[in-house]
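Presented below is the structure to which this report refers.
Read-outs throughout are calculated quantities, based only on the coordinates presented, and are distinct from any laboratory measurement. In this text the structure is predicted, and so the values were computed from the model without any measurement. No Cβ is skipped: glycine too gets one built from the backbone with ideal geometry, and neighbour counts run over all protein chains shown.
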Amino acid sequence: MRRKISAAIIGLGVACVSVFSTGSASGHGYTDSPTSRQVFCSKGTVQNCGAIQWEPQSVEGPKGFPSRGPADGTICAGGNSRFAELDDPRAGQWPSTKVTAGQSLGFRWKLTARHATTDFRYYLTNGNYQPTRPLTRADLNTQPFLTVPYNGRVPDATVTHQGTLPAGRTGKQMVVAVWTIADTGNAFYACSDVQF
């Protein structure tokens, strides 16, 4: 009997170590400038956000955006149904960061677990975008306005990329930031509502 209990305890210990080491090995991160939807949820600025309020760093989905990756209507949640509240347009009432067309702007990521990185890419919505509808690829310029290559390097815990917002934009738009991981099949997604 004592051997069975000892074996069970050892087995449970091995399982726990496996779970914790797997979780800490994966990369996690989010943008906090301009403020992303997951940050507004985690700070309580926006209510009824579900699990994302405790895990703003966990919006992970398939990489290859925009040709692959999350399906239309699930982009802000990275295709992850656990965080579907991020794709809810909330009648266009998400808080937004005030910006000016053509301005230089810092895009800051907080990386709670750093990971070998292919690149960071930033996309902006186009004239088709309606903030009252879930985001689709047809609403985006599919060429990023800023790409920061990393070529497999591991970024610092906080990284800021300076970029120039496209000219000629007005009204409420959205920036989609994508952190592509080099050695997994995934990327991290963050949507920031902006007001030109």
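In table form, for the structure just shown:
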{"item": "Residues listed by number, region 96-123, amide nitrogen under 15 Å from VAL154 label point at 7 Å toward C-beta", "result": "111-118"}
{"item": "Amide N of region 156-196 lying under 17 Å from the label point, which is placed 7 angstrom from the Cα of ARG82 along Cα→Cβ", "result": "185-190"}
{"item": "Tilt relative to the chain, helix 2-25 - C-alpha long axis, 0 to 90 degrees, to 10", "result": "20"}
{"item": "Computed helical MRE - 222 nm, the chain, DSSP H runs ≥ 4 contributing -39500 (n - 2.57), nearest 500", "result": "-5000 deg cm²/dmol"}
{"item": "DSSP-defined beta bridges in region 27-195 - what % are antiparallel, rounded to 5", "result": "95"}
{"item": "Estimated inter-spin distance, THR142 and ARG68, nm [label 7 Å along Cα→Cβ]", "result": "1.6"}
{"item": "In range of the label at ALA116: residues from region 39-74 whose backbone nitrogen is under 18 Å from the point 7 Å along Cα→Cβ", "result": "63-64"}
{"item": "Per-residue Cβ neighbour rank within 10 angstrom, fewest leading, VAL154, VAL194", "result": "VAL154, VAL194"}
{"item": "Contour minus Cα-Cα distance for GLN93 and ALA167 (0.36 nm per residue)", "result": "24.2 nm"}
{"item": "Between region 82-97 and region 40-77, the Cα center-to-center distance that results, in Å", "result": "10"}
{"item": "Given LYS98/LYS172; LYS110/LYS172; LYS63/LYS110; LYS43/LYS98, the pairs whose alpha carbons are separated by over 21 Å", "result": "LYS110/LYS172"}
{"item": "Point-charge dipole on Cβ atoms (K/R +1, D/E -1) for the chain, about Cα centre, debye to 20", "result": "380"}
{"item": "Most mobile listed residue (VAL176, VAL148, VAL39) in the chain, GNM with C-alpha springs under 10 Å", "result": "VAL148"}
